[in-house]
Amino acid sequence: MRLEPLDADDPRDVLRALRAALNGSGPALGLGMTTAASREVAPGTAVVVTTSGSTGVPKSVVLGRSALTSSALATADRIGEGAWLLALPAGYVAGLQVLVRSLVAGREPALLSGSFTPQAFAAAALMMASSEHGERIPAFTSLVPAQLVRLLDAAEEDATVRTALRSFAAILIGGQALPAATLERARDAGARIVRTYGSTETCGGCVYDGVPLDGVGLRISDGEVQLSGPTLADGYLGDAELTDRVFVRDVAGTRWYRTGDAGIVEDGVLRVHGRIDNVIVSGGINVSLDRVERLVRGVPGLESAVVVGVEDARWGEASVIVAPRGPALRRSEAEQLDEARAAVAEGIGPHARPSRLVLVDELAALPSGKPDRESIRRAVSALH
């Protein structure tokens, strides 16, 4: 079948093309592709999502109709059915799945017009209120942590934003780990948060609050989180070698996706510790930047911080904290760094302590809303 690239700037265009791709009446949809030329893909393909992620290496993930709809149905089984608000880019899997869930449920999604702001989000959310047979239709949305933080900040002064946050039956949060302090703030504000884990290769989130959706398999192999089930992508377009390396079969023939994430399962709940390869060697000792980042985010004022590794003349490599400037605190920048270094020393060891704290007006972000870690790392390296 034919694959037709589409500019995802207008979610209405994506919705129309997606409807045809899912019911088989139109070509497969190519999102994020650098070429406008159409090409052939395997029958059953609905969408090919091309994204560079935070590593800067492009990959085109082939998502079948059955995988996308299986994901949408499993989500409905877990959190319920209702109406969805799209507040994420439609060209990325989390936004795409909001549209898929809407189509599978037979409802038109609410679309956030223009750029994301707390006020625009609140206006769109409060316009969704509707009922059916005398009962209110539950509302759902999907956000990344940075959006949630903006909403929580605004909700402290804006009652309309606060009401909007409370209006959703569930708010899915994915894309990156949600700091515990942010989760607590959200719950205190009355927002019903569901933390999701997954990737484009799993049609988005497929583990909710640490528990896999129905039909999704989960295992830890050599410390790596691996996933199976009907939501898996078919592979990578035009890259059989990468497909075979990332999607593997066990002796029983079950197909597993190697996430590249380190994690453990405790009492049936998945706990992800970060990327297996997000490690620097500082003074001859391996340091997981993800572990450092989790501890740093526990420091007041650094809840949204990103930790990156840069070259260091003394240690070879060192970690640097990069955080957006927040409200004025009663601690200096040096005191914040000291507190972060102390938390890391206690949680990991003195060898893992960050070398610096860099405050910025705004963290560089990918269109998906995730921090652009490579861009942030390059900017920090250029400060030397």
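The values are calculated or read from the model by the stated rules, or taken from the named source; none is laboratory data. Everything numeric here is computed off the predicted structure, so don't read it as measured data. For neighbour counting, all protein chains shown are included, and Cβ atoms are generated from backbone atoms with ideal geometry for every residue, glycine included.
For segment 229-264, enumerate the residues that are within 19 Å of the chain's Cα centre (by Cα) and of a type in the set (S, T, N, Q).
Matches in segment 229-264: THR231, THR259.
Restricting to segment 101-118, name every residue that is farther than 22 Å from LEU366 by Cα and out of contact with any strand residue (DSSP E or B) (no Cβ under 6 Å at 6 or more places or on another chain).
Listed by number, the residues that qualify are LEU103, VAL104, ALA105, GLY106, GLU108.
Go through (1) surrounded by fewer than 20 Cβ atoms within 10 Å (Cβ to Cβ); (2) out of contact with any Lys or Arg (no Cβ under 7 Å at 6 or more places or on another chain); (3) on the phi < 0 side of the Ramachandran plot for ALA189 and report which single condition fails.
(2)
Among the listed residues GLU293, GLU333, which satisfies the condition of being under 26 Å from VAL149 (Cβ atoms), buried (at least 20 other Cβ atoms within 10 Å of the Cβ) and touching a strand residue (DSSP E or B) at 6+ places or on another chain (Cβ under 7 Å)?
GLU293 is the lone residue from the list that is under 26 Å from VAL149 (Cβ atoms), buried (at least 20 other Cβ atoms within 10 Å of the Cβ) and touching a strand residue (DSSP E or B) at 6+ places or on another chain (Cβ under 7 Å).
Scan segment 290-320 for residues that are of a type in the set (D, E, K, R) and either under 22 Å from the mean Cα position of the chain (by Cα) or within 18 Å of GLU339 (Cα to Cα) (or both) and jot them down.
ASP290, ARG291, GLU293, ARG294, ARG297, GLU303
If I filter segment 112-155 down to residues being of a type in the set (Ser, Thr, Tyr) and farther than 11 Å from PHE168 by Cβ, which single residue comes out as modelled with the highest pLDDT?
Among those that are of a type in the set (Ser, Thr, Tyr) and farther than 11 Å from PHE168 by Cβ, it is THR117.
Conditions (1) among the basic types (Lys, Arg); (2) farther than 18 Å from ARG271 by Cα; (3) at pLDDT below 95; (4) crowded, with 22+ Cβ neighbours inside 10 Å, marked per residue:
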| site | (1), (2), (3), (4) |
| --- | --- |
| ALA159 | no, yes, no, no |
| ARG162 | yes, yes, no, no |
| LEU172 | no, no, no, yes |
| LEU183 | no, no, yes, no |
| VAL194 | no, no, no, no |
| GLU201 | no, yes, no, yes |
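Give the residue that is modelled with the lowest pLDDT, with candidates limited to residues of segment 214-269 that are of a type in the set (S, T, N, Q) and within 23 Å of PRO58 (Cβ to Cβ).
THR259
Of the residues ARG271, ARG245, ARG258, only one is over 30 Å from TRP315 (Cβ atoms) and either in a strand (DSSP E or B) or touching a Leu at 6+ places or on another chain (Cβ under 9 Å) (or both); which?
So the residue among ARG271, ARG245, ARG258 that is over 30 Å from TRP315 (Cβ atoms) and either in a strand (DSSP E or B) or touching a Leu at 6+ places or on another chain (Cβ under 9 Å) (or both) is ARG258.
Quick one: is ARG341 of a type outside the set (A, V, I, L, M) and either touching a Cys at 6+ places or on another chain (Cβ under 9 Å) or touching a residue at least 60 places away in the same chain (Cβ under 8 Å) (or both)?
no
Across segment 276-287, which residue is nearest to ALA233 (Cα to Cα) among those that are outside any loop (DSSP other than H, G, I, E, B) and either hydrophobic (A, V, I, L, M, F, W, C) or in contact with a Leu (Cβ under 8 Å, 6 or more places away or on another chain) (or both)?
So, considering only residues that are outside any loop (DSSP other than H, G, I, E, B) and either hydrophobic (A, V, I, L, M, F, W, C) or in contact with a Leu (Cβ under 8 Å, 6 or more places away or on another chain) (or both), the one nearest to ALA233 (Cα to Cα) is VAL279.
Within the group ALA42, ALA105, ALA120, ALA124, which residue is free of Cβ contacts under 8 Å to residues at least 12 places away in the same chain and among the aliphatic types (A, V, I, L, M)?
So the residue among ALA42, ALA105, ALA120, ALA124 that is free of Cβ contacts under 8 Å to residues at least 12 places away in the same chain and among the aliphatic types (A, V, I, L, M) is ALA120.
Looking at ALA146, ALA123 in this structure, which one is part of a helix (DSSP H, G or I) and surrounded by fewer than 16 Cβ atoms within 10 Å (Cβ to Cβ)?
Criteria check complete, one pass: ALA123.
Kindly indicate whether any position in segment 223-235 is surrounded by 15 or more Cβ atoms within 10 Å (Cβ to Cβ), within 29 Å of ALA125 (Cα to Cα) and in contact (Cβ under 8 Å) with a residue 60 or more places away in the chain.
yes
Give the residues of segment 234-287 that are outside the structural domain of GLU374 (by TED's automatic domain parsing), of a type outside the set (Gly, Ala, Ser) and touching a His at 6+ places or on another chain (Cβ under 7 Å), sorted by residue number.
If the condition is that a residue be outside the structural domain of GLU374 (by TED's automatic domain parsing), of a type outside the set (Gly, Ala, Ser) and touching a His at 6+ places or on another chain (Cβ under 7 Å), then no residue fits.
Determine, yes or no, whether GLY80 is of a type outside the set (Lys, Arg), buried (at least 18 other Cβ atoms within 10 Å of the Cβ), modelled with pLDDT of 95 or more and in contact with a strand residue (DSSP E or B) (Cβ under 9 Å, 6 or more places away or on another chain).
Spelling it out, it is not the case that GLY80 is of a type outside the set (Lys, Arg), buried (at least 18 other Cβ atoms within 10 Å of the Cβ), modelled with pLDDT of 95 or more and in contact with a strand residue (DSSP E or B) (Cβ under 9 Å, 6 or more places away or on another chain).
Among what's in segment 265-280 and is buried (at least 16 other Cβ atoms within 10 Å of the Cβ) and within 19 Å of the chain's Cα centre (by Cα), pick the residue that is farthest from ARG291 (Cα to Cα).
Among those that are buried (at least 16 other Cβ atoms within 10 Å of the Cβ) and within 19 Å of the chain's Cα centre (by Cα), it is LEU270.
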